[in-house]
Each structure stands twice: as structure tokens, then as C-alpha cells.
Amino acid sequence: MTVHRTSFGGRAVTVAGLVVGAAGIAVLWASGVEFPVAIPPGLVILLLGALFVGLAPWRWVTGVGAFLGLFVIAGFLLSGGIPNLVGGDGSTFSGTSNPIDRDTLGTVIGTWIQMIGVLTALIAGVIVTRNNYRKPTQARQ
């Protein structure tokens, strides 16, 4: 008798990570961060990816979620977004009476939410995809 593994929990974590990443982009958008088009493309891509990962029946689909997480993380690093994790170029922390203005605080919070979400999607997606391709174990008789 062959035991079939189900990865609904891991798939749900991957989907949740993508949705949280999209929520982070929404916070950035609401904070006034400029995007190339009216609706941030990353928001749409992550939400469509979450829908696809959540509904598609194939065992490799969580790898798509992992790829989307990796894609957003790589774009963040290549675009020089690391200062957004601590509040811009550091000038807002110069000891003035209002060290973090509302826009900068929204950028920091949105960036952290986005990165936590896509990192979760990346890790969960890799683990679940790997587990989906392992050979099933034989049940003990």
C-alpha cells in the first residue's frame, strides 16, 4: 500500500506568504511610493500567483510560489531597496524633533511586510515542492 502525501498546509503557507507580500506592496503604495503604472505590478503578480498556487492541482505549483518570492527578493536587492528597511538614506534619523515622518514609516513597514511575506513564500514553496517530489514511503505491514 502506498501512502500519498498531501501538502495542503505547506501550500497554504506559500499562498499566505504571497498574499502578505502583496499586502506589503499595498502599504507601500498607500504610503506614496511611486510605481511605474497606476496599480503596482508586483501587487497584481503576487495576488495572481497566490490564486494560481492555491487552486492549481499540480505538485510543482508551489515551486511557482517559491519562484515569485525569489523574484521579488532579487528585484528588491538589485534595485537598492535595503535602505527602505531602516527608513531611507538615514537622513530621517538625524536627530530632528520628528525622526520618522509618516511617509517614511509607511515605507519601512510596507517593506518589512513585503519581505517577510515573500521570504515565507520562498522557503515554504521550496520545502513543499521538494517534499512533493520525494518518493512515497511504503506503509509498514
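Need the C-alpha centroid separation for region 1-78 versus region 110-124, integer Å.
9 Å
Can you tell me the mean projection area, over all orientations, of the convex hull of region 17-132's alpha carbons? Units nm², please.
7.3 nm²
Each value in this text was obtained by applying a stated rule to the coordinates, not by laboratory testing. Just so you know, these numbers come straight off a predicted model, no measurement behind them.
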